[in-house]
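Input: a single structure, listed below in structure tokens.
The values are calculated or read from the model by the stated rules, or taken from the named source; none is laboratory data. Because the structure is predicted, anything quoted here is derived from the model rather than measured. So basically every Cβ, Gly included, is an ideal-geometry build from the backbone, and we count neighbours across all protein chains shown.
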Amino acid sequence: MKSKKPLIPYAIWMAIFVVIPLIMIIVNAFTDKSGAFTLDNLERIFFKDPTLRYNFLNSLKIALISTVLCLVLAYPIALIMARQKPSVQRLLHFLIMLPMWMNFVLRICSWLLVLQPDGILDVMLRGVGLLSPGQSNPLYMTETAVVLGIVYNYLPFMILPIYTTVAKIPRSLYEAGEDLGCSRWNVLKKIVFPLSVPGVISGLTMVFVPAMSSFVISMKLGGFALMGDIIDNYYKGTGGDPHLGAAVSIVLMFFIILSIALMNRFDKDDDVVLA
Amino acid sequence: MKNTTPEGSVLVRLEQLCKSFDGEQILKSVDLTIRDKEFVTLLGPSGCGKTTILRCIAGFENPDSGTVFFEGKPMNAVPPHLRPVNTVFQRYALFPHLNVFDNVAFGLRIRKENERAIREKVLKMLAMVDLKGYERRPVSKLSGGQQQRVAIARALVNMPRLLLLDEPLGALDLKLRKDMQLELRNLHKQAGTAFLYVTHDQEEALTMSDRIVVMKSGTIQQVGAPQDIYNEPANAFVADFIGEANIFDATMPRDKEVVFSGAAFPCVDQKPSDLVDVVVRPEDVEIVSPFDGTVAGEVEASLFKGVHYEMTVRVGEDQWIIHSTRTCSVGEVVGLRVTPENIHVMRKMFPTPENEIEVTVGEDNQVSFDGRSFTLPAAPAGAKVTLALSPDDVELCAEDEGVFTGVLDSVVWKSNHYEMILVSQHRRWLIRSQADEQAGAVVGIRFAPEKLRVLTAGGEG
């Protein structure tokens, strides 16, 4: 057995920044303003507050759509990336990461500049005659715009883990597949995709989890609140209710853990070792 | 040369196959025929193009020019998945997400055979490669030798007309390699499939093949049965590459007599030219009393090798390597004798005895070739002349110190010196040297300009 001593600083760190806050949230979720134990917060979420329930399901829907869209877009990109020369691969990697160097809110606000009436998109569409002067694009302040924002924001988190697993598949496995009678499509279906499942799973997790609890994006681009914004609202301002906010967080966390556990079931054969 | 061509119709024919990568010619017009049910081995040092030939047949590479025929039909435009060959890859390339059974069944499932037939074939194949009971194992949990067998089973189960094997035993240890050599030979007999086997291990090639194709720098040096290749190598490179050999520079005053190591030996070959190379295998040298030997020399070293002693005997300048079951003490003077049938005469690899360079003499005895200028002692201005440069006068040096640089194409030990052929940008150079360089090394060469001799003067330019 290895010595456990080096773990002590890490354990302290975890206790201060993970365990204690988590306990505080759990305690908050099951207490009311006076500090007495109550189940009222949970009851409100599940039974008493239809708006809250609607928002929860809406968040789930938008997160799912965005995640699937990310996967559909990211997979071909990752495949194409992995086929390039190493220098080109590094460049593409860099370009994909580049937007991440900018502030998150700034990135969302720049989409606002694109989508808003008389914004960049309108000017462009009018220029090519797809919109008549005075007309505006139908995306601004819609769910579609929110999905667009989420996909834009989290796409790199889907591309990179898939790219990492696909790039590790040796060229000889493609050739072995072709040698045994696979067309290009069959190589993709029977060899590349199964071997990239771990990357797909971690991509799905890395996009779905933050998409589910995303905030700012929906308020800015859609004008409505998703779970992230709702929790945010409960915790701040005069009308806030940190106890309800904590309960919403706990429920959200429960669903996220559940979905991760579900996804990982598909990844049971993770003793697959690539040479 | 006798040709032991096995029965069987022509399966694969390569016609003038050429292939370059990044401007470097890997295959230089290769012609080769593989017959049905034959075991052919492509043998050569790394980088000689043997794997490229395999990949051209499999369809992973497209030749720049030339054609791959399969039973008379050109295959160049046929994608790999439609070719009637299967490959055992160098590093096996097993599918890590599938178990042993599914790996072997892969090709059959792609061809949509029915699952029951597949099961029968796979189990039979696994029994054949001695992997009964391993069906459910993940391939990552197998040893190197077992992975190797899965790779062979996965290819062979599809009943290809030709099985391509790319150094399949390269990653195994010696003992396992020997066992697998025998097993592969047996599998070849059982399967009734032609095997094209790539290796750089000459012993492996000799043990397993019906025919061996010896390659060097993208060209075929010799094709023949193992015995022919060993006993009658086409040139010094083949003699040196296959087995141990004493190779000498020799002269032939007349047919059936060859002079080397300071003595005239009777032999059985006709005279191809005045200057020849001679190969004598170490086990073919007889040790006799100093008075009975064709040559005599002093024993310099004797090493016990298990089956035989390996002795070094110095005859004048030359070192003779001798394999014998009895040993002599170091310092003893012995006579050496070789029966005429065991002396094999070969053509020289370099077309001329010296480096010959054709130039036109300019002003002030200046000549220039290959982008360099030299001043000769005396030469008629404007004359076309052939310059000669002795291989002894070419000196090897570091790449950046050379007048010319190039790649050593072959390095052969000629009993008292290395004979090297260097390929520079414009020509091939013959070099005699004591320097121990490896073939494939990039080196520089230099020479004193006064060593350039005017050999023949042509007509006025």
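For this structure, a couple of remarks:
- Condition check for B:E120: more than 28 Å from B:K28 (Cβ to Cβ), free of Cβ contacts under 8 Å to residues at least 12 places away in the same chain and within 14 Å of chain A (Cβ to nearest Cβ): no
- Scope segment B:82-107; condition more than 9 Å from every other protein chain (Cβ to nearest Cβ) and either part of a helix (DSSP H, G or I) or touching a residue at least 60 places away in the same chain (Cβ under 8 Å) (or both); matching residues: B:P84, B:V88, B:V100, B:F101, B:D102, B:N103, B:V104, B:A105
- Scanning segment B:336-381 for residues that are outside any strand (DSSP E or B) and aliphatic (A, V, I, L, M) yields a total of 8.
- When residues of segment A:189-214 are limited to those that are part of a helix (DSSP H, G or I) and among the hydroxyl-bearing types (S, T, Y), the one farthest from B:N158 (Cα to Cα): A:T205
- All conditions but one from (1) under 24 Å from the mean Cα position of the chain (by Cα); (2) modelled with pLDDT of 90 or more apply to B:A439; the one that does not is (2).
- Residues in segment B:236-293 that are under 15 Å from B:L336 (Cα atoms), assigned to a helix (DSSP H, G or I) and out of contact with any Phe, Trp or Tyr (no Cβ under 9 Å at 6 or more places or on another chain): 2 in all.
- Of all residues making up segment B:303-341, the number that are among the aliphatic types (A, V, I, L, M) and surrounded by fewer than 17 Cβ atoms within 10 Å (Cβ to Cβ): 4
- Screening A:S249, A:S259 for residues that are of a type in the set (S, T, N, Q) and either under 13 Å from A:I26 (Cβ atoms) or not in a helix (DSSP H, G or I) (or both) leaves exactly one candidate, A:S249.
- Segment B:9-52, subset assigned to a strand (DSSP E or B) and β-branched (V, I, T), residue farthest from B:A441 (Cα to Cα): B:V10
Yes/no matrix, rows are residues, columns are (1) buried (at least 19 other Cβ atoms within 10 Å of the Cβ); (2) farther than 30 Å from B:R111 by Cβ; (3) in contact with a Cys (Cβ under 6 Å, 6 or more places away or on another chain); (4) not acidic (D, E):
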| site | (1), (2), (3), (4) |
| --- | --- |
| A:L160 | yes, yes, no, yes |
| A:G181 | yes, no, no, yes |
| A:F193 | no, no, no, yes |
| A:S196 | yes, no, no, yes |
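- Filter pass, A:P76 being modelled with pLDDT under 95 and surrounded by fewer than 17 Cβ atoms within 10 Å (Cβ to Cβ): no
- Checked against the criterion of being under 30 Å from B:P84 (Cβ atoms) and either more than 14 Å from chain B (Cβ to nearest Cβ) or of a type in the set (S, T, N, Q) (or both), the candidates A:N153, A:N137, A:N103, A:N186 yield just one match: A:N186.
- The residue of segment B:71-81 that is nearest to the other protein chains (Cβ to nearest Cβ), among those that are free of Cβ contacts under 8 Å to residues at least 40 places away in the same chain and surrounded by fewer than 17 Cβ atoms within 10 Å (Cβ to Cβ), is B:P79.
- Complete set of residues in segment B:53-70 that are within 14 Å of another protein chain (Cβ to nearest Cβ) and either outside any helix (DSSP H, G or I) or more than 20 Å from A:G181 (Cα to Cα) (or both): B:G59, B:F60, B:E61, B:N62
- Filter result for the condition that a residue is farther than 16 Å from B:L108 by Cβ and within 13 Å of another protein chain (Cβ to nearest Cβ), over B:A171, B:A194: B:A171
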